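Asks: Quick one: this structure, given as structure tokens, is what I'll be asking you about.
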Ligand code: GRF
């Protein structure tokens with residue numbers, strides 16, 4: 001199973017996925033990093049472990065369909081089976097969705113459908129909720145919508161700070177995402193079905 005990870009920033013989730021694959025906890029090959037910010041630290045991380053990178057500047061293309069067509073070509077030439085969004089700060093458009101329907105996963109640092117969009121941990125902190133968490137879901141055309149695959153909760157205690165909650169959420173992300181990708185791959189293999197099909201039809 002070949003994966004492409006999409007990131008826009010520090011790439012700590014990308015790193016967690018790479019580490020899990022290297023340690024045999026994730027039975028997949030990380031074939032490509034796609035990054036819409038050529039200066040992002042995620043690019044450096046990929047170069048450090050010799051993972052091919054497709055980095056691009058969206059502004060250099062006329063529209064989303066144009067750069068997504070190029071991305072699809074890159075994914076197809078790397079024979080990518082599954083697309084893993086890990087801090088990719090853009091909505092996925094029709095071109096990519098059509099090419100990888102039911103085969104695009106995203107991680108979000110809240111218990112969706114609560115706190116979609118940017119700064120989900122900050123949103124939860126401001127709302128003074130007692131529990132937040134992490135969600136992995138299949139991607140559709142919406143912002144942090146799509147069928148939920150896994151979730152894990154984090155309790156927010158009186159003694160917590162925004163920093164300590166952020167740290168706890170990130171620690172869960174780095175374990176939950178590789179584990180969920182592995183279970184997702186195994187489930188598809190067992191059922192011999194098309195990747196992602198089951199989640200799409202069961203909701
Ligand atoms: C993570 O919190 C992820 O859930 C969100 O963006 C952040 C990316 O962090 N979608 P990193 O680049 O993986 O360190």
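Asks: Divide the volume of the convex hull of the Cα atoms of the range 1-84 by its number of residues and quote the answer in cubic angstrom per residue. Before the final figure, lay out each step's value.
Replies: Values: hull volume 6.6 nm³, N = 84.
Output value, Cα hull per residue: 79 Å³.
Asks: Between residue 166 and residue 148, what length in nm is gained on full extension when 0.36 nm per residue of separation is reduced by their alpha carbon distance? Intermediate results must be reported in sequence, preceding the final value.
Replies: Details: separation 18, 0.36 × 18 = 6.48 nm, distance 2.15 nm.
Using 0.36 nm per residue and subtracting the Cα-Cα distance, I get 4.3 nm.
Asks: Also, I was wondering about something else. Taking the chain as the reference, fit the longest principal axis to its C-alpha atoms, fit the long axis of helix 12-22 to the helix C-alpha atoms, and give the angle between the two in degrees, 0 to 90, nearest 10.
Replies: Result, in degrees: 60.
Asks: Is the shape of the range 56-112 rounded, prolate or oblate, going by the alpha carbon gyration tensor and its root eigenvalues a ≥ b ≥ c, with a/c under 1.5 for rounded and a/b larger than b/c for prolate?
Replies: Numbers: a/c = 1.97, a/b = 1.28, b/c = 1.55.
Because a/c hits 1.5 or more and a/b fails to exceed b/c, the range 56-112 counts as oblate.
Asks: For a footprinting-style exposure proxy, rank 80, 131, 5 by other Cβ within 10 Å, fewest first.
Replies: Numbers: 80 25, 131 11, 5 29.
Ranking 80, 131, 5 by Cβ neighbours within 10 Å, fewest first, gives 131, 80, 5.
Asks: Could you bin all the Cα-Cα distances of the range 2-201 into 5 Å bins starting at 0 and give me the percent of pairs in each, rounded to whole numbers?
Replies: Cα pair-distance distribution for the range 2-201, in percent: 1, 8, 16, 20, 21, 17, 11, 5, 2, 0, 0.
Asks: Using only Cα atoms, tell me the angle between helix 162-191 and the longest principal axis of the chain; keep it within 0 to 90° and round to the nearest 10.
Replies: Its long axis makes an angle of about 50 degrees.
Asks: So the label point goes 7 Å from the Cα of residue 190 along Cα→C-beta, right? Which residues of the range 13-33 then have their backbone N under 16 Å from it?
Replies: Hits in the range 13-33 for residue 190 at 16 Å: 27.
Asks: Something else: Out of all DSSP beta bridges with both ends in the chain, state the antiparallel percent to the nearest 5. Present the calculation step by step, with values, prior to reporting the outcome.
Replies: Numbers: 11 of 27 bridges.
So the antiparallel bridges amount to about 40 percent of the total.
No value in this document is a laboratory result; all are computed from the given coordinates. These numbers were taken from a predicted model, which means no experiment stands behind them. When we count neighbours, we look across all protein chains shown, and the Cβ atoms used for this are built from the backbone with ideal geometry, even at glycine.
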